[in-house]
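The values are calculated or read from the model by the stated rules, or taken from the named source; none is laboratory data. Treat the numbers as computed from the prediction; the structure is a model and nothing was measured. As a convention, Cβ positions derive from the backbone with ideal geometry for all residues, glycine included, and neighbour counts pool all protein chains shown.
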Amino acid sequence: MTFVITDTKQGRYIVPQFCEGCGGELVSTGEYWPAERDLIKRVLSWCRRKSGDGVIAIDGGANCGAHTIAWAMHMTGWGEVLAVEAQELIFYALAGSIMLNNCLNVRARWAAITDKPGVMQIPTLDYSIPSAFSGFSLRKTESMGPIGQAIDYEKTVPVPAVSIDGLNLQRLDFIKLDLELMDLEALIGGERTIMAQRPIIYVEAHAFLKDPIREWLEPRDYSLIPCWHNYLAIDRNDFDEVRDAVIVS
């Protein structure tokens, strides 16, 4: 079978059996990147302490839901997750995992996060070939490394595209962006919301995007903490308090 159900330390998931990334780790170790998961859970708890119940978190590039499920369970009764995933079959697995865990505080959306709403043409993958499905870049770029199978960017299917601003959220406490080289584009498409709501942002910063992402965030009064290959970006007014509350040496 291409997709399987696996019981893990952090819930029950539907995952692509041949995934060499997130899904594979859930199957082989029973959890996905616990240090990162627990860091974000501390961030979400801080958001609740600051602003009260009703915390809203975006999981941008949710994949099979490793973070989505963990956050939703952590925030039961006081927060919600908006999980966005562009790969259609992976999205179905994400939605199934949400239901298997009775995470009724999650809204899942099949879409690519870009700088503006509309439609995006993306290639499809063969999920029966062992590959790093979570490392798949929706747009062709010379900076993208191999994932385990050839990708035909000339043969595409339409996928809904959304921007963070286009979601029209009245509250937003936290954004995670893991969009395989589209992260800066997503930030640009969320500028109005980010400036109004001042969410904490956890954004993937590949080597050639590190400077552009930093140069976008810092003039908007965010201070950055490097975390693995990501930035944790915090409003400068909250920086010391958040750092002391969430960073474990």
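Descriptive notes on the structure:
- Residues that are assigned to a strand (DSSP E or B) and free of Cβ contacts under 8 Å to residues at least 12 places away in the same chain, drawn from region 207-225: Leu224
- Some residue of region 230-243 being in contact (Cβ under 8 Å) with a residue 40 or more places away in the chain, surrounded by fewer than 19 Cβ atoms within 10 Å (Cβ to Cβ) and either of a type in the set (Gly, Ala, Ser) or within 22 Å of Gly145 (Cα to Cα) (or both): no
- For region 81-88, the condition of being among the acidic types (Asp, Glu), in contact (Cβ under 8 Å) with a residue 40 or more places away in the chain and farther than 16 Å from Tyr13 by Cβ holds for at least one residue.
- The set of residues in region 120-136 being outside any helix (DSSP H, G or I) and within 15 Å of Glu20 (Cα to Cα) consists of Leu125, Asp126, Tyr127, Ser128, Ile129, Pro130, Ser131, Ala132, Phe136.
- Count of region 135-146 residues which are without any contact (Cβ under 8 Å) to a residue 24 or more places away in the chain and under 18 Å from Ile90 (Cβ atoms): 0
- Among the candidates Cys19, Cys47, Cys64, the residue that is within 14 Å of the chain's Cα centre (by Cα) and either modelled with pLDDT under 95 or of a type outside the set (A, V, I, L, M) (or both) is uniquely Cys64.
- A single member of Ile122, Ile151, Ile69, Ile129 is under 24 Å from Arg37 (Cβ atoms), in contact (Cβ under 8 Å) with a residue 12 or more places away in the chain and of a type in the set (Val, Ile, Thr), and it is Ile69.
- Search result, residues across region 71-101 that are surrounded by fewer than 24 Cβ atoms within 10 Å (Cβ to Cβ), in a helix (DSSP H, G or I) and under 13 Å from the mean Cα position of the chain (by Cα): Phe91
- Selected residue (only one of Asp53, Asp38 is out of contact with any His (no Cβ under 7 Å at 6 or more places or on another chain), more than 26 Å from Leu125 (Cα to Cα) and either assigned to a helix (DSSP H, G or I) or basic (Lys, Arg) (or both)): Asp38
- Meeting the requirement of 2 or more residues that are β-branched (Val, Ile, Thr), the strands (runs of 3 or more DSSP E) wholly within region 150-206 are 156-162, 200-204.
- Some residue of region 132-140 being over 22 Å from Gly166 (Cβ atoms) and in contact with a helix residue (DSSP H, G or I) (Cβ under 6 Å, 6 or more places away or on another chain): yes
- Any hit, region 118-136, residues being charged (D, E, K, R), modelled with pLDDT of 95 or more and closer than 30 Å to Cys227 by Cα: no
- When each of Glu31, Glu25 is tested for being within 18 Å of the chain's Cα centre (by Cα) and assigned to a loop (DSSP other than H, G, I, E, B), the lone residue that passes is Glu31.
- Enumeration of residues in region 102-119 that are among the charged types (D, E, K, R) and part of a loop (DSSP other than H, G, I, E, B): Asp115, Lys116
- Residue list for region 187-229, filter: aromatic (Phe, Trp, Tyr) and either crowded, with 17+ Cβ neighbours inside 10 Å or within 18 Å of the chain's Cα centre (by Cα) (or both): Tyr202, Trp216, Tyr222, Trp228
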